[in-house]
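Working notes, structure below.
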Amino acid sequence: MSTAFEPLAAGSLRLRNRIVMAPMTRSRADGTLPTSDTATYYAQRAGAGLIVTEGIQPSAVGQGYPSTPGLHTTEQVEAWGAVTRAVHAAGGTVVAQLMHTGRIGHPANTEAAGHGPLTPVGPSAVRARGQIFTPTGLQDHVEPDELTEDQIAGTIGDFAAAARLAITAGFDGVEIHGANGYLLHQFLATNANLRTDDWGGSPANRIRFTLEVARAVAGAIGADRTGIRLSPANGLGDTVEDHVALYPLLVTELDTLGLAYLHLVEAGDPSMTPVLRRAWSGTLILNPAHAGLADHPTRVGLVADGTADAVSFARLFISNPDLVTRLAAGAPLAEPDLGKAYGGDHRGYTDYPTLAAQPVA
């Protein structure tokens with residue numbers, strides 16, 4: 001029986017423990033560049049067995065939110081290099097999460113990033129309900145441009161190119177974001193994907209884009225350095241899907257690729273977890289984001305009972321840079337100030353103290 005504090009091999013990734021820092025958008029990029037504060041932030045949390053970065057757009061049109069970093073220019077690669085060097089110097093392992101937000105975006109955000117007012121893209125020209133943050137405040141989502149066959153091929157190529165650049169920047173691997181209502185998830189959804197060609201309709205067609213992205217990234221950098229994140233039925237980004245029919249098929253097909261890991265967000269239907277666990281022969285990282293276990297320290301027990309090979313935490317890593325040490329010791333955990341979660345300066349970002357740095361009462 002393994003525990004969350006034991007090492008784990010996931011493909012070519014070597015985790016010194018099984019507690020993973022989940023990806024979290026922090027909107028603190030300088031334009032689309034990570035900063036020295038970014039390097040400090042991740043290096044402070046290098047005690048995690050694996051750090052998955054905030055979502056990084058693989059292309060200009062893949063940007064959804066203000067002040068999020070990219071990985072499609074030489075300048076971005078150089079800036080990320082400073083981050084990976086800092087994490088490795090602290091003994092950590094870090095992968096870049098590649099996140100194309102698809103229709104969840106706004107022209108105002110790409111314009112503020114210096115790329116011009118780009119219209120978001122998606123599998124179909126269907127506007128998502130809801131609003132998105134922009135430099136001038138909340139605005140309604142816009143209707144995306146439907147991707148053509150050539151643009152689909154180009155987008156898959158963007159993922160592969162960004163994966164290569166991630167390795168050049170010193171990352172240990174990449175995680176493909178196929179969850180939370182973003183582009184890959186939109187292709188899976190029945191309300192965002194109304195296509196009648198080979199990219200929509202049946203479950204076999206709906207999973208095609210996700211599979212092709214995974215194949216392309218694995219082909220670019222090696223399947224042993226490629227992970228993927230999925231979130232069955234969580235509804236984010238105004239997504240509706242036939243998850244019971246779709247995800248066992250998708251995971252079974254992904255399993256044939258020999259990827260380093262599957263990072264599963266257990267939110268919409270926890271009963272899917274054991275089903276997908278049986279369909280997946282590789283390493284399973286679980287993020288049980290439902291009531292009762294949402295960032296609760298007892299989720300480390302899911303490793304010992306065999307539910308997952310590793311578990312990921314999000315918000316607790318914001319306010320506890322030494323989270324693994326605290327969990328191992330049963331020490332008190334600090335709660336994050338979520339009013340400082342997005343944007344701003346170092347406050348609420350790199351200024352949370354470790355347990356050892358706190359004054360003795």
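Residues in segment 274-314 that are at pLDDT below 95, open to solvent by less than 20 Å² (accessible area, probe 1.4 Å) and assigned to a helix (DSSP H, G or I): Arg299 alone. Inspect segment 185-206 for any residue being among the hydrophobic types (A, V, I, L, M, F, W, C), open to solvent by 30 Å² or more (accessible area, probe 1.4 Å) and in a loop (DSSP other than H, G, I, E, B) and give the result as yes or no. Yes - at least one qualifying residue is present in segment 185-206.
Scanning segment 120-133 for residues that are under 30 Å from Gly81 (Cβ atoms) and open to solvent by 40 Å² or more (accessible area, probe 1.4 Å) yields one hit, Phe133.
With Ala179, Ala214 as the choices, which residue is buried (at least 24 other Cβ atoms within 10 Å of the Cβ), part of a loop (DSSP other than H, G, I, E, B) and under 15 Å from the mean Cα position of the chain (by Cα)? Give the steps one after another, and end with the answer.
Working: Ala214 fails: part of a loop (DSSP other than H, G, I, E, B).
The conditions single out Ala179.
Determine, yes or no, whether Pro117 is in contact with a helix residue (DSSP H, G or I) (Cβ under 6 Å, 6 or more places away or on another chain), surrounded by fewer than 22 Cβ atoms within 10 Å (Cβ to Cβ) and under 30 Å from Val240 (Cβ atoms).
yes
Right, Thr74: surrounded by fewer than 23 Cβ atoms within 10 Å (Cβ to Cβ), over 16 Å from the mean Cα position of the chain (by Cα), within 18 Å of Tyr342 (Cβ to Cβ) and of a type in the set (S, T, N, Q) or not? Answer is no for this residue. When segment 316-360 is limited to residues that are in a loop (DSSP other than H, G, I, E, B) and hydrophobic (A, V, I, L, M, F, W, C), the one that is most open to solvent (accessible area, probe 1.4 Å) turns out to be Val360.
Of the residues making up segment 134-160, those that are open to solvent by 40 Å² or more (accessible area, probe 1.4 Å) and either within 10 Å of Val217 (Cα to Cα) or in a strand (DSSP E or B) (or both) are Leu138, Gln139, Asp140, Asp145, Glu146, Asp158.
A count restricted to segment 31-46 and to residues that are open to solvent by 30 Å² or more (accessible area, probe 1.4 Å) and either in contact with a Ser or Thr (Cβ under 8 Å, 6 or more places away or on another chain) or of a type in the set (Val, Ile, Thr) (or both) stands at 5.
The values are calculated or read from the model by the stated rules, or taken from the named source; none is laboratory data. Since the model is a prediction, treat every value here as computed from it, not as a measurement. Note that we place each Cβ from the backbone using ideal geometry, even for glycine, and neighbour counts take in every protein chain shown. Calculation scope for accessible area: heavy atoms of the full protein, side chains included, ligands and nucleic acids excluded. Shrake-Rupley method; radii C 1.70, N 1.55, O 1.52, S 1.80 Å.
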